[in-house]
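Heads up, the thing below is written out as structure tokens.
The values are calculated or read from the model by the stated rules, or taken from the named source; none is laboratory data. It should be emphasised that the depicted structure is a prediction, and the values quoted were computed from it without experimental measurement. Quick reminder, even Gly has a Cβ in these numbers, built from the backbone with ideal geometry, and neighbours come from all protein chains shown.
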Amino acid sequence: MSHVPDAQSPARAPSAAGDYDGLAKLLHWGIVALLAVQYAVGWIMPHISARTPNESWVSWHLSIGVAILFVMAFRFAWRLARPVALLPAEPLWQNRVAHATHLVLYLLVIINPVLGWAAASYRGWNVFLFGAIPLPALAAKGTPWAHTAGDVHIFLIYVLLGVMALHVAGALYHHVFMRDRVLLRMLPAKAGTTG
Ligand code: HEM
Ligand code: HEM
């Protein structure tokens, strides 16, 4: 009776019906922090003109931006490997909106840094991951589409702000008015494992 195979190891079990694991939470809040810093740096750095050098705040913007790209891509892969179902909401459209919002957030936070990277290539700037690993140029210096990518980058920054506002409003609505576990289960384990 004691030889029960441990095929049910929780480490292997998919968490479709469960909650966010520690890494998913760390990645969620890590990206929130990186985005906050990145918006600040993007607005502090000088307005980019043909003669702006890739140094100081600009250089930080490129490094933090590609870090966001890689961390968010990893996060998306982690999400696909360990799916977490949304808590059932009434009415059903709320779940659809939440799901669509999450998907758009993943897409925007992956696509927009790629556009910024192309804009950097347009200016002939080298981009380094974590300030150390050189990344290839996405386009030759002066390529017209890469210039357009810079314009779209700036436009999407504001779209992302809007979608994030919707997302945060949804989370707070659940916490304050619905008083459910939606926000709690994205918080560190102590707060999130109440029920
Ligand atoms: C999600 C990540 C990112 C956010 C939130 C972000 C945010 C911003 C902001 C706020 C600006 C200033 C816009 C303005 O002047 O009003 C900007 C411009 C810019 N960003 Fe990003 N950025 C991100 C990722 C990146 C990456 C990865 C790169 C390059 C590797 C990059 C390159 C640029 C460039 C070149 C500009 C100037 C665009 C131009 O004037 O053509 N960004 N970004
Ligand atoms: C203070 C700000 C934020 C709060 C309070 C917050 C809260 C939450 C909560 C409670 C969830 C779980 C939703 C559920 O299970 O129903 C969640 C998921 C998510 N959040 Fe946020 N969030 C914030 C900022 C952000 C930002 C800036 C992003 C931008 C990338 C983001 C992206 C996501 C994504 C993609 C998911 C879905 C996770 C998944 O299931 O894969 N969040 N957030």
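The residue of the stretch 148-171 that is nearest to ligand 1 (Cβ to nearest atom), among those that are surrounded by fewer than 15 Cβ atoms within 10 Å (Cβ to Cβ) and either farther than 20 Å from Y106 by Cα or of a type outside the set (A, V, I, L, M) (or both), is D151.
Just checking, does the stretch 117-134 include any residue being of a type in the set (A, V, I, L, M), more than 26 Å from G18 (Cβ to Cβ), free of Cβ contacts under 8 Å to residues at least 24 places away in the same chain and assigned to a strand (DSSP E or B)?
Taking the stretch 117-134 first, the residues of a type in the set (A, V, I, L, M) are 118-120, 127, 129, 132-133.
Checking the rest, the ones that are also more than 26 Å from G18 (Cβ to Cβ) come to 118-120, 127, 129, 132-133.
Then drop every residue that is not free of Cβ contacts under 8 Å to residues at least 24 places away in the same chain, which leaves 132-133.
Okay, now just the ones that are also assigned to a strand (DSSP E or B), so 133.
For the stretch 117-134, residues of a type in the set (A, V, I, L, M), more than 26 Å from G18 (Cβ to Cβ), free of Cβ contacts under 8 Å to residues at least 24 places away in the same chain and assigned to a strand (DSSP E or B): present.
Looking across the stretch 139-174 at every residue that is part of a loop (DSSP other than H, G, I, E, B) and not hydroxyl-bearing (S, T, Y), the one that is nearest to L115 (Cα to Cα) is identified as A139.
Could you list, in sequence order, the residues of the stretch 181-195 that are surrounded by fewer than 14 Cβ atoms within 10 Å (Cβ to Cβ) and part of a loop (DSSP other than H, G, I, E, B)?
The initial filter retains those residues of the stretch 181-195 that are surrounded by fewer than 14 Cβ atoms within 10 Å (Cβ to Cβ), namely 188-191, 193-195.
Hits for the stretch 181-195 are P188, T193, T194, G195.
Among A98, A77, A85, which is of a type outside the set (D, E, K, R), without any contact (Cβ under 8 Å) to a residue 12 or more places away in the chain and within 14 Å of ligand 2 (Cβ to nearest atom)? Matching residue, one of A98, A77, A85: A77. A count restricted to the stretch 23-55 and to residues that are at pLDDT 95 or above and more than 14 Å from ligand 2 (Cβ to nearest atom) stands at 5.
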